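The values are calculated or read from the model by the stated rules, or taken from the named source; none is laboratory data. On a predicted model such as this, the values are computed, not experimentally measured, just so you know. Heads up, the Cβs are rebuilt from the backbone with ideal geometry, glycines too, and the neighbour counts pull from every protein chain shown. Surface areas here come from the heavy atoms of the whole protein model, side chains and all, with no ligands, DNA or RNA. Shrake-Rupley method; radii C 1.70, N 1.55, O 1.52, S 1.80 Å.
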Amino acid sequence: MLDGVADNWTDSHIHASQYPNAGIFGKSTLLDWLQQYTFPLESSYGNVKSPMYKDAVEPPDPLARAKKVYNRLIDRTLANGTTTASYYATIHVEATNLLAQIAFDKGQRAYIGRVCMDRPETCPDYYRDETTEETIANTKASIKFCRDLDPSGELLAHIITPRFAPSCLPETLTQLGALAKDEDLRIQTHISENLNEVKLVRDLFPDQESYAHVYDHHGLLTSKTILAHAVHLSKEEMRLVKQRNSKISHCPDSNSALGSGLCPVREMLDQGIEVGLGTDVSGGYNPSILDAARNACIVSRHVGFLNNGDSRYNLGVAESLWLGTMGGAKVVGMEGRLGGFEEGMLWDVQEITLGEVDEDGQGEDTAVDIFGWESWEDRIGKWLWNGDSRTVARVWVGGRLVHERR
Ligand code: GUN
Ligand code: FE
């Protein structure tokens, strides 16, 4: 067995509530996927009238469902080496707070978002906040719960979460921007993931120059904002994102699965925009950031192909690992505390083991076979391309052992 330590993984964009749907998306694309798969599942964590319960024999217990899913999901992400995650929960305060409690108890570093959505034209009747007042009051309740759990905010904090521009009333967007400022909190949302979504934003916000301007206009484009996807940003929008020092979560698994498009990560890095990786479960089908790093490499090669085969666009192994670790640390505002091994940094670490093949061709099944003659650089390449949770031996967050492979 070959042993090494790797730094923390940060999953800068993951929907905890959607985990049961990982791998379930058929041929859908973003907007129909939300209606067909996502809203029914998310609503089932707090609404007994959720379409998911239409054939229920027993009276549904939404919170029991949330508990089952969130316990499993946190174990699963820890087993994959995710030491820090920025989570979307659902609109329900109780189930969102339960996610916070479970992440905190299991010791994962987590930012917990109660999902804000209250625009009747875009949100189903069975799954939305009724008014701006309700959205803000429920968000405040979850902020308080998270603060009471971890007053320092170092291990656990609330993150303001307007689902995306189309799902919120304009007044709600404004008030959420003000709330994030007053409470000095991170913000997470989606931007420019899918072309139909971009068109929807143009139709719903005709006075705004672009999707990025919608967020900027409502005070949501801050240095603590994590924008997921950013597949179809214009050059001007990239400049605005850079100017505001907002961050990007690149979600290649999801962008490929939902056919959203090819995110030009190299262009964003060239502009000096901070980029990290997100699994975007369950737009993404896999809760592993190693898998996201792999897909970041693959997608970048397709971007290169579309740019006259220019290999400048290709992300290398070291670069994509950097995006999942140091890039992620910057995206969640933890630069200098996470993402490296320098003195004074937090001990958020995964121990990786690779299998050693013996003279008879036998070896332990840790997903990666090392024959003995590979350089360290090549071993890391083999890990990136073939590793999975079997290569994760132990995981620590803030010095606490939070996962040990059985
Ligand atoms: N846009 C709005 N909601 C969602 C979501 O749940 N997942 C993804 N990938 N995009 C979204
Ligand atoms: Fe998402």
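Observations, loosely collected:
- Subset of region 238-274 (residues that are open to solvent by 10 Å² or more (accessible area, probe 1.4 Å) and among the charged types (D, E, K, R)): Arg239, Lys242, Arg244, Lys247, Arg266, Glu267, Asp270, Glu274
- Residue check for Leu277: within 14 Å of ligand 2 (Cβ to nearest atom) and either open to solvent by less than 40 Å² (accessible area, probe 1.4 Å) or closer than 25 Å to Tyr70 by Cβ (or both): yes
Residues checked against (1) within 12 Å of ligand 2 (Cβ to nearest atom); (2) touching a residue at least 24 places away in the same chain (Cβ under 8 Å):
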position	(1), (2)
Asp3	no, yes
Trp9	no, yes
His13	yes, yes
Ala16	yes, yes
Tyr19	no, yes
Phe25	no, yes
Leu30	yes, yes
Leu34	yes, no
Tyr37	no, yes
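- Cβ-Cβ under 8 Å pairs, at least 6 apart or on other chains, region 44-58 side free of Cβ contacts under 8 Å to residues at least 24 places away in the same chain, far side open to solvent by 80 Å² or more (accessible area, probe 1.4 Å): Ser44/Met52; Val48/Pro59
Residues checked against (1) within 16 Å of ligand 1 (Cβ to nearest atom); (2) part of a helix (DSSP H, G or I); (3) farther than 20 Å from Gly333 by Cβ; (4) of a type outside the set (Asp, Glu):
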| position | (1), (2), (3), (4) |
| --- | --- |
| Leu220 | yes, no, no, yes |
| Ala228 | yes, no, no, yes |
| His232 | yes, no, yes, yes |
| Lys242 | no, yes, no, yes |
| Ser249 | yes, no, no, yes |
| Gly259 | yes, no, yes, yes |
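- Residues of region 104-138 satisfying the condition of being in a loop (DSSP other than H, G, I, E, B) and touching a His at 6+ places or on another chain (Cβ under 8 Å): Arg114
- Condition broken by His92, with the remaining ones in (1) buried (at least 24 other Cβ atoms within 10 Å of the Cβ); (2) within 23 Å of Ser249 (Cβ to Cβ); (3) not polar (S, T, N, Q) satisfied: (2)
- Taking the criterion of being among the small types (Gly, Ala, Ser), under 27 Å from the mean Cα position of the chain (by Cα) and surrounded by fewer than 16 Cβ atoms within 10 Å (Cβ to Cβ), the only residue of region 54-76 that qualifies is Ala64.
- Counting only residues that are open to solvent by less than 80 Å² (accessible area, probe 1.4 Å) and under 29 Å from the mean Cα position of the chain (by Cα), region 346-375 holds 11 of them.
- Scanning region 1-36 for residues that are within 10 Å of ligand 1 (Cβ to nearest atom) and either in contact with a His (Cβ under 6 Å, 6 or more places away or on another chain) or open to solvent by 50 Å² or more (accessible area, probe 1.4 Å) (or both) yields one hit, Leu31.
- Of the criteria (1) touching a residue at least 40 places away in the same chain (Cβ under 8 Å); (2) open to solvent by 20 Å² or more (accessible area, probe 1.4 Å); (3) not in a loop (DSSP other than H, G, I, E, B), which one Asp378 fails: (1)
- Contact map, region 227-254: residues that are closer than 17 Å to Ser12 by Cβ paired with residues that are more than 12 Å from ligand 2 (Cβ to nearest atom) and aromatic (Phe, Trp, Tyr), Cβ distance under 7 Å, separation 6+ or inter-chain. Pairs shown: Asp253/Tyr285.
- Among the residues of region 204-237, just one is touching a His at 6+ places or on another chain (Cβ under 8 Å) and open to solvent by 40 Å² or more (accessible area, probe 1.4 Å), namely Gln208.
- In this structure, Ile74 does satisfy being more than 19 Å from Cys251 (Cβ to Cβ) and among the aliphatic types (A, V, I, L, M).
- Residue identified as surrounded by 19 or more Cβ atoms within 10 Å (Cβ to Cβ), in contact (Cβ under 8 Å) with a residue 40 or more places away in the chain and in contact with a strand residue (DSSP E or B) (Cβ under 8 Å, 6 or more places away or on another chain) among Ile112, Ile136: Ile112
- Scanning region 382-399 for residues that are open to solvent by less than 10 Å² (accessible area, probe 1.4 Å) and closer than 18 Å to Leu321 by Cβ yields Leu384, Gly387, Thr391, Val392, Val395.
- In region 300-329, the residues that are open to solvent by less than 40 Å² (accessible area, probe 1.4 Å), more than 15 Å from Leu290 (Cβ to Cβ) and part of a helix (DSSP H, G or I): Ser300, Val303, Gly304, Tyr313, Ala329
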